[in-house]
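The values are calculated or read from the model by the stated rules, or taken from the named source; none is laboratory data. Everything numeric in this text was worked out from a predicted model, so none of it was measured. FYI the Cβ positions are ideal-geometry reconstructions off the backbone, even for glycines, and counts take in every protein chain you see. For accessibility, only protein heavy atoms count, side chains too; no ligands or nucleic acids. Shrake-Rupley method; radii C 1.70, N 1.55, O 1.52, S 1.80 Å.
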Amino acid sequence: MKKVIFLDIDGVLNTSYTKYRDEVLDDFRLDYLAKIVNKTRAKIVLTSTWRYNLSKSLFSFKAYNNSTKKLIESLKERGLKISALLPDTPNNRRVEDISEFIKKHKVTNFVILDDELFNYESLKLSNNLLRTSFYEENELDAGLTQKMIRQAVQILNKK
């Protein structure tokens with residue numbers, strides 16, 4: 001894996017507005033993610049706590065609840081799939097798990113899409129973080145935004 005998107009879900013592909021509408025994910029944010037993947041050919045590695053509800057089968061992932069089933073289906077509708085999961089470790093190890101994944105899989109370019117601020121600075125990963133927000137006054141400023149598409153593509157396609 002050369003290019004990787006480390007993907008959180010809550011606050012990235014859904015927001016307070018999504019929850020208010022009693023939906024699981026935002027279609028337009030999934031479309032934004034698809035644009036990033038299509039322009040970079042990056043692989044998706046799930047960092048979200050949603051990974052605890054998935055397990056790897058031979059060629060894909062098996063979902064254990066309706067939300068993760070919806071995620072897998074929504075990605076598939078866009079020609080996307082999850083390539084890997086971070087290990088099933090406590091969520092506060094996310095930064096260390098990402099760093100270890102980068103080394104183990106010889107990742108050259110990566111972007112982290114996350115609304116939570118873990119200690120990315122400590123392992124020098126913060127330059128690759130596009131921090132989203134679960135709550136914003138304007139729905140288009142929450143979660144994965146159109147502006148972040150360009151930023152993610154630049155980071156992932158950097159020579």
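So, Lys62, is that one part of a helix (DSSP H, G or I) and farther than 25 Å from Thr108 by Cβ or not? Write out each step before concluding.
Details: part of a helix (DSSP H, G or I): no; farther than 25 Å from Thr108 by Cβ: yes.
So Lys62 does not fit the description; no.
I'm trying to understand the selection: among the residues of segment 24-37, which are more than 18 Å from His105 (Cβ to Cβ) and in a helix (DSSP H, G or I)? Residues satisfying the conditions are Asp27, Phe28, Arg29, Leu30, Asp31, Tyr32, Leu33, Ala34, Lys35, Ile36. So Phe28 passes all but one of these: (1) over 16 Å from the mean Cα position of the chain (by Cα); (2) under 30 Å from Glu137 (Cβ atoms). Which condition number does it fail? Tallying (1) over 16 Å from the mean Cα position of the chain (by Cα); (2) under 30 Å from Glu137 (Cβ atoms), Phe28 fails exactly one: (1). The set of residues from segment 106-159 being farther than 22 Å from Lys35 by Cβ and assigned to a loop (DSSP other than H, G, I, E, B) comprises Lys106, Glu116, Leu117, Phe118, Asn119, Lys124, Leu125, Tyr135, Glu137.
Taking segment 25-37 as the range and being open to solvent by 30 Å² or more (accessible area, probe 1.4 Å) and without any contact (Cβ under 8 Å) to a residue 60 or more places away in the chain as the test, the residues that pass are Asp27, Phe28, Asp31.
Can you find, within segment 3-24, the residue that is nearest to Arg94 (Cα to Cα) among those that are open to solvent by 10 Å² or more (accessible area, probe 1.4 Å) and at pLDDT 95 or above?
Step one: of segment 3-24, the residues open to solvent by 10 Å² or more (accessible area, probe 1.4 Å) are 3, 10, 16-17, 19-24.
Checking the rest, the ones that are also at pLDDT 95 or above come to 3, 10.
Details: Lys3: 18, Asp10: 15 Å.
Among those that are open to solvent by 10 Å² or more (accessible area, probe 1.4 Å) and at pLDDT 95 or above, it is Asp10.
On the stretch given as segment 52-79, residues that are of a type outside the set (S, T, N, Q), without any contact (Cβ under 8 Å) to a residue 60 or more places away in the chain and open to solvent by less than 10 Å² (accessible area, probe 1.4 Å) total 1. The number of residues in segment 38-51 that are part of a helix (DSSP H, G or I) and either over 17 Å from Lys147 (Cβ atoms) or open to solvent by less than 10 Å² (accessible area, probe 1.4 Å) (or both) comes to 5.
Quickly run through segment 125-140 and pick out the residues that are closer than 15 Å to Leu113 by Cβ and open to solvent by 20 Å² or more (accessible area, probe 1.4 Å).
Step one: filter segment 125-140 for residues closer than 15 Å to Leu113 by Cβ, giving 125-134.
Ser126, Asn127, Asn128, Leu129, Arg131, Ser133, Phe134, listed by residue number.
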